[in-house]
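Heads up, the thing below is written out as structure tokens.
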């Protein structure tokens, strides 16, 4: 009898452990999906595009500023009179303050992309504050005086980051079109431009990685991309102007 009771207890314990493991795995998977989501976060306001019927689109550039491509991007935008939003990394801005000033002087919007570009998952509130506030200081040093939006490194966020942003009335900016990543691991300039034109819709936010040396094809795609979107009736704006254009923000995790 005692042996039978022990056997039953062992089975119950084994089942309980198995259930607990399943719950942990499911919970971890769910949190991972939230951390990677372009359309949801636990706190505050998140936007990946704006719901509008107006043919307007925001081009955004992540990372840098880097000497390899920043001025080429600025020249292309200037030649076509296109405003854009640059989400800059604090450490790169500290290394190249002249490029930050060039972006601000050209009249573009500058957003915060953290100081170190480390993934902001499982981090402390103090670490988040330092990453954001030190980069804000560097952004202001460029001469930029507008609203500072924030984009998480690699688009990853979970608890500490959204909570900080919500407390400080900061908007998390994601995207709905990523042409230099989505078509494949090594898309051509033509593929990048074509993917953009195909997937942009009114109110889109386009993510581009164009400043580093290895992103020459994205820089080559920028001019044709702009020209083809204009042919389709689109006009270009900054993210802040897009958010204030009267359209409904498509994603809000508050």
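All of the numbers you see were taken from the coordinates with simple rules; none came from a lab. Everything numeric here is computed off the predicted structure, so don't read it as measured data. Positions of Cβ are backbone-derived with ideal geometry, glycine not excepted, and every protein chain shown enters the neighbour counts.
Miscellaneous remarks
- Bridges between two residues of region 46-249, per DSSP, are antiparallel at a rate of about 15%.
- Label-point separation in nm, residue 68 to residue 133, each point 7 Å along Cα→Cβ: 3.3 nm
- From the alpha carbon centroid of region 166-202 to that of region 111-155 is 21 Å.
- Residues 114, 188 arranged by fewest to most Cβ contacts within 10 Å: 188, 114
- Within region 144-164: backbone nitrogen closer than 20 Å to the residue 94 label point (7 Å, Cα to C-beta): 144, 150-154
- Label zone at residue 241 (point 7 Å along Cα-to-Cβ), backbone N below 11 Å, region 51-84: 57-59, 81-84
- In nm, spacing of pseudo-spin labels at residue 154 and residue 79 (7 Å Cα→C-beta vector): 3.5 nm
- Note on residue 188 and residue 118: with the Förster distance fixed at 30 Å, the Cβ-Cβ geometry gives a FRET efficiency of about 0.45.
- When 236, 42 are arranged by Cβ crowding within 10 Å, least crowded first, meaning fewest neighbours, the order is 42, 236.
- Gain in span if fully extended, residue 147 to residue 106, counting 0.36 nm per residue against the direct Cα distance: 13.2 nm
- Which of 62, 186 has the fewest Cβ neighbours within 10 Å, and the rest in rising order: 186, 62
- Per residue, the Cα convex hull of region 101-164 amounts to 78 Å³.
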